[in-house]
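The values are calculated or read from the model by the stated rules, or taken from the named source; none is laboratory data. Keep in mind that this is a model prediction, so the values were computed, not measured. Quick reminder, even Gly has a Cβ in these numbers, built from the backbone with ideal geometry, and neighbours come from all protein chains shown.
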């Protein structure tokens with residue numbers, strides 16, 4: 001982006017940019033699915049679901065702020081970057097401002113989560129604290145997860161299992177096998193957003209010393225990883241059908257299969273900035289799949 005264009009961005013718009021709004025869909029999907037299962041089993045609590053969504057989105061925003069800050073400090077965001085504009089690297093937000101933004105966002109998430117602790121037990125407090133610490137440790141601390149090939153595991157666990165099963169738990173006060181199985185496609189499809197991001201940035205990350213799985217094992221491995229996560233996601237409805245609900249309505253997520261196939265073709269054929277569209281559509285796929293899965297469970 002040209003310097004003149006950057007100067008025309010207001011401070012409010014800068015914070016919106018830094019929050020990476022397109023990634024926030026990933027924070028909503030596990031809450032939507034976890035809540036749909038709670039409703040199906042008559043264990044739902046609307047206020048708890050809303051607070052869980054708020055906490056999930058705030059932790060995601062805080063994690064994005066930390067990522068922006070420490071990628072900038074580590075020199076990972078350079079002028080050669082092929083991904084979207086970053087607030088710190090472009091000078092829209094200063095380092096001290098971002099540090100305050102991180103404290104404020106995680107602080108509001110923690111305070112909001114205290115209601116969920118009140119509604120359930122100390123287990124929720126532990127989950128909340130670990131989630132915030134993990135969001136910080138993703139790109140910060142003595143052993144940043146994203147810089148040591150652990151980012152994929154972090155995303156799968158926290159957006160999949162913790163987000164989906166946790167949402168069900170704060171409403172039902174218990175954990176169900178169905179909420180666990182539902183967390184698998186959530187985690188897989190959200191992780192694929194990161195997979196595309198790392199695949200696109202593989203050359204730049206190599207130079208910056210960011211040892212993602214894509215950097216460690218190469219482009220061929222990364223494409224197969226993306227494909228396998230897709231396959232696993234579309235196998236889960238069959239598990240749900242044969243184990244829980246013997247109704248073909250649970251196969252609603254398969255309606256999104258044409259988009260999944262298109263995305264697989266894209267990651268095998270596109271490169272560089274062309275993959276920004278693949279990244280955007282992968283995020284949209286996780287949302288579409290999540291909505292269809294939720295309807296399948298509810299209906």
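Numerical summary
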| read-out | value |
| --- | --- |
| Qualifying residue in segment 264-284 (condition: free of Cβ contacts under 8 Å to residues at least 40 places away in the same chain, closer than 28 Å to residue 41 by Cα and either part of a helix (DSSP H, G or I) or in contact with a strand residue (DSSP E or B) (Cβ under 6 Å, 6 or more places away or on another chain) (or both)) | no |
| Test for residue 295: is it free of Cβ contacts under 8 Å to residues at least 24 places away in the same chain and out of contact with any strand residue (DSSP E or B) (no Cβ under 8 Å at 6 or more places or on another chain) | no |
| Any chance residue 220 is part of a helix (DSSP H, G or I) and closer than 22 Å to residue 38 by Cα | no |
| Residues located in segment 202-215, provided they are surrounded by fewer than 24 Cβ atoms within 10 Å (Cβ to Cβ), in contact (Cβ under 8 Å) with a residue 12 or more places away in the chain and in contact with a helix residue (DSSP H, G or I) (Cβ under 9 Å, 6 or more places away or on another chain) | 202, 205, 208, 209, 211, 213, 215 |
| Residue count for segment 274-299, restricted to those that are over 15 Å from the mean Cα position of the chain (by Cα) and more than 18 Å from residue 223 (Cβ to Cβ) | 9 |
| Any hit, segment 249-258, residues being crowded, with 22+ Cβ neighbours inside 10 Å, more than 21 Å from the chain's Cα centre (by Cα) and at pLDDT 90 or above | yes |
| Number of the exception - residue 135 against (1) over 18 Å from residue 66 (Cβ atoms); (2) surrounded by 24 or more Cβ atoms within 10 Å (Cβ to Cβ) | (1) |
| Criterion (out of contact with any helix residue (DSSP H, G or I) (no Cβ under 7 Å at 6 or more places or on another chain), under 18 Å from residue 179 (Cβ atoms) and part of a helix (DSSP H, G or I)) met by exactly one of 292, 235, 228 | 235 |
